[in-house]
1. Identify the residue in the stretch 312-327 that is in contact (Cβ under 8 Å) with a residue 12 or more places away in the chain and surrounded by fewer than 19 Cβ atoms within 10 Å (Cβ to Cβ) and, among all such residues, is nearest to residue 14 (Cα to Cα).
2. Please work out which one of (1) assigned to a helix (DSSP H, G or I); (2) within 16 Å of ligand 2 (Cβ to nearest atom); (3) touching a strand residue (DSSP E or B) at 6+ places or on another chain (Cβ under 7 Å) is the condition residue 273 fails and give its number.
3. Give all pairs with beta carbons closer than 6 Å in which a residue from the stretch 183-201 that is more than 15 Å from residue 164 (Cα to Cα) and not assigned by TED's automatic domain parsing to the domain that holds residue 235 meets a residue that is within 16 Å of ligand 1 (Cβ to nearest atom) and part of a loop (DSSP other than H, G, I, E, B); count only pairs at least 6 apart in sequence or on separate chains.
4. Give 314, 294 a once-over and let me know the one that is touching a helix residue (DSSP H, G or I) at 6+ places or on another chain (Cβ under 7 Å) and either closer than 15 Å to residue 131 by Cβ or assigned to a loop (DSSP other than H, G, I, E, B) (or both).
5. Looking at 93, 76 in this structure, which one is under 22 Å from the mean Cα position of the chain (by Cα), surrounded by fewer than 19 Cβ atoms within 10 Å (Cβ to Cβ), within 16 Å of ligand 1 (Cβ to nearest atom) and touching a residue at least 60 places away in the same chain (Cβ under 8 Å)?
6. Just one of (1) within 26 Å of residue 155 (Cβ to Cβ); (2) within 14 Å of ligand 1 (Cβ to nearest atom) trips up residue 201, so point out which.
7. Of the residues 81, 156, 110, 143, only one is within 15 Å of ligand 2 (Cβ to nearest atom), in the same structural domain as residue 244 (by TED's automatic domain parsing) and surrounded by 15 or more Cβ atoms within 10 Å (Cβ to Cβ); which?
8. How many residues, within the stretch 177-209, are within 20 Å of residue 236 (Cα to Cα), within 16 Å of ligand 2 (Cβ to nearest atom) and either part of a helix (DSSP H, G or I) or in contact with a helix residue (DSSP H, G or I) (Cβ under 6 Å, 6 or more places away or on another chain) (or both)?
Ligand code: NIG
Ligand code: FE
């Protein structure tokens with residue numbers, strides 16, 4: 001089964017040697033998809049025949065968004081906490097325990113239903129790959145079940161037993177549980193392991209112990225680092241070759257130096273700063289220092305209840321001084337790097353056929369027309385959604 005998309009006004013390839021600028025933009029081109037892969041990209045005038053056709057009407061076609069950071073397995077919401085915050089209360093992360101209680105009390109079907117509703121919501125906004133973390137179970141059975149739910153929706157599953165220490169547990173005993181019995185129960189369902197390295201959550205030594213135990217079990221590493229305060233998270237992520245250090249809101253010069261030239265992506269989550277009314281990370285300083293940057297939603301019921309990558313792109317452009325091209329690149333190719341994937345986040349023959357047709361002539365419109373639903377068609381694995 002082949003599909004021809006023709007009459008493309010602007011194709012974002014993320015292959016700088018194939019087109020203009022960082023996004024490798026090509027114009028007046030056509031794309032042919034065979035099965036779940038891109039088979040051909042070339043001038044519209046030379047398009048080969050295919051079984052079916054999508055006319056892009058001179059609009060923009062982009063790689064599907066790669067949302068490399070989301071917490072979708074939970075029950076309940078924390079709208080009241082958000083309301084209180086907008087009236088002046090600070091965000092502390094303490095609400096994680098509220099969501100833990102609701103999550104433990106929910107049935108498997110409720111957890112799967114809520115998470116798949118959010119995956120569908122993200123898909124309608126152009127997301128074709130989404131990472132999903134556990135982290136609201138915080139005991140052996142509920143963390144393992146959260147990962148079984150996540151695994152029904154994505155291959156990018158992350159064990160986040162080290163989200164906070166649940167009330168009533170002694171911190172060192174909980175760290176031992178996470179890197180022992182809980183890891184044993186969760187590793188079969190997880191690709192990644194993550195730790196919330198932060199004052200009030202897990203310190204540098206605890207984070208290192210948990211990540212090293214996960215790596216020994218064959219999991220790959222990512223870290224919630226430097227979200228609320230400067231701390232050891234970012235440097236630890238780089239030292240342990242984590243794929244990504246996420247948040248990066250409070251960075252020292254040494255953190256920036258460690259990230260630049262490393263294999264660790266800085267994943268910025270502006271939805272969290274928006275929803276906690278906090279200062280945004282200094283994306284300009286990172287990019288100018290040569291750090292690879294990704295954008296993701298951090299979708300969760302506490303600090304960032306958005307599934308919208310276009311919203312995050314608009315925030316990154318307006319409030320983090322990223323150019324529209326940098327933000328679109330970070331939301332596609334950057335996310336792919338943060339998941340160490342080279343089959344997604346770019347459009348070239350052989351890549352996965354994950355792409356979106358915008359209801360707009362250019363990628364610029366994602367930031368230029370904030371809040372407007374501009375995703376008109378989404379293909380995932382070559383299948384129109
Ligand atoms: O990435 N910071 C830690 N975890 C989430 C927030 C979780 C919550 O508040 O429920 C985050 O922002
Ligand atoms: Fe997070």
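The values are calculated or read from the model by the stated rules, or taken from the named source; none is laboratory data. Predicted model, so just to flag it, every value in this text is computed and none were measured. Virtual Cβ from ideal backbone geometry, glycine too; neighbours counted across all protein chains shown.
1. In this case the residue turns out to be 325.
2. Unmet condition: (3).
3. So the pair list comes out empty.
4. 294
5. Only one candidate qualifies: 76.
6. Result: residue 201 fails condition (1) only.
7. Just a single option satisfies the conditions, and that option is 156.
8. The total comes to 4.
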